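Quick note: the coordinates plus some simple rules give every number you see, no bench work behind them. No experiment lies behind these values; they were computed from the predicted model shown. We place every Cβ from the backbone using ideal geometry, glycine too, and count neighbours over all the protein chains shown.
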Amino acid sequence: MTLDELTTRARSLLTGGHRVVLGIAGPPGAGKTTFAEHLVGLLRRTPPDGAEPGQWVAHVPMDGFHLADVELDRLRRRDRKGAPDTFDVAGYAALLRRLRADEDEVVYAPAFERDLEQPIAGSIPVPRAARLIVTEGNYLLLGDGHWPRVRRQLDEVWYCDLDTDERLRRLIARHECFGKDHEAALAWATGTDQRNADLIAETRHRADLVIPDPVLRAIDDRALRAATPSAP
């Protein structure tokens, strides 16, 4: 399976003129966001007939539905931030349902600000021209609680299957990038994050498609090259 094949499959989901929602799932550090952003970038360059260039596809991450730290403190769940019960799942499902309904000229979705580690409301405008919505998050295939309400709003769900050692390496590096020292990053990645990853791995078989490790590594390598300034 190649990135070109995945791009073609995503485009093929558009049938009958109705809006389509594609989900990207996987454990923490598996490359969901990087893959989704790269896929959306490729799709924007090649709109289908009749679609508006640049606006026909939109990226709406699940992370904007993290509960705020003040609410996690009230619920005594802040030490498990990122677990299934630390998200506004019903709110996320309601947004996806509204997007699929395709009745509004613009729908605003929340984003998650990594520097603040907090959700920011009304940050992502989704115009009526967006016919394909790409959303990504850990628990799109979870069968407990309100999570099945999310799955019902998704036309397909793809699962990011990155090698465990590489996933942990990236995850620790990400935690360090956003302020944790190495020991704290390692503890969180192998503690809270790993418990969540084990739970998510049990949902892999429910995916419509599994994105293999080589594709995810190749995209991450491209992203790193693009972010590295060229030598003078």
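Measuring nothing but how far apart in sequence close Cα pairs (under 8 Å, 6+ apart) lie, relative to its length, segment 91-145 scores a relative contact order of 26 percent. About its Cα centre, the dipole of the chain is roughly 360 debye, where the only charges are +1 on Lys and Arg Cβ and -1 on Asp and Glu Cβ. Normalised radius of gyration (Cα atoms, divided by 2.2 N^0.38 Å) for the chain: 1.00. For Phe112, the residues whose modelled amide H falls within less than 5 Å of its own, excluding neighbours fewer than 5 places apart on the same chain, are Gly64, Ile120. Given their separation in residues at 0.36 nm each and the Cα-Cα distance between them, Asp165 and Leu199 gain 10.5 nm when the chain is fully extended.
The residues neighbouring Leu13, those whose beta-carbon lies less than 13 Å from its own, together hold a net charge of +2 under the Lys/Arg +1, Asp/Glu -1 convention.
Any idea what the relative contact order of segment 1-122 is, in percent, if you count C-alpha pairs under 8 Å spaced at least 6 apart?
Details: 101 pairs, mean separation 29.4, N = 122.
The normalised contact order for segment 1-122 reaches 24 percent.
Under the shape rule built on the C-alpha gyration tensor, where the axes satisfy a ≥ b ≥ c, segment 129-180 is prolate, since a/c reaches at least 1.5 and a/b is greater than b/c. Ranking Ala10, Ser123, Gly179 by Cα position along the charge dipole of the chain, where only Lys, Arg, Asp and Glu carry charges on their C-beta atoms, puts Ala10 farthest toward the positive end. Karplus-derived 3J(HN,Hα) values for segment 15-30, using 6.51 cos²θ - 1.76 cosθ + 1.60 with θ = phi - 60°, are 9, x, x, 7, 5, 10, 10, 9, x, 10, 10, x, x, x, x, 7 Hz; glycine and proline are entered as x. Given only helices, namely DSSP H runs of n ≥ 4 each adding -39500 (n - 2.57), what is the per-residue ellipticity at 222 nm of the chain, to the nearest 500 deg cm²/dmol? That calculation yields -12500 deg cm²/dmol at 222 nm.
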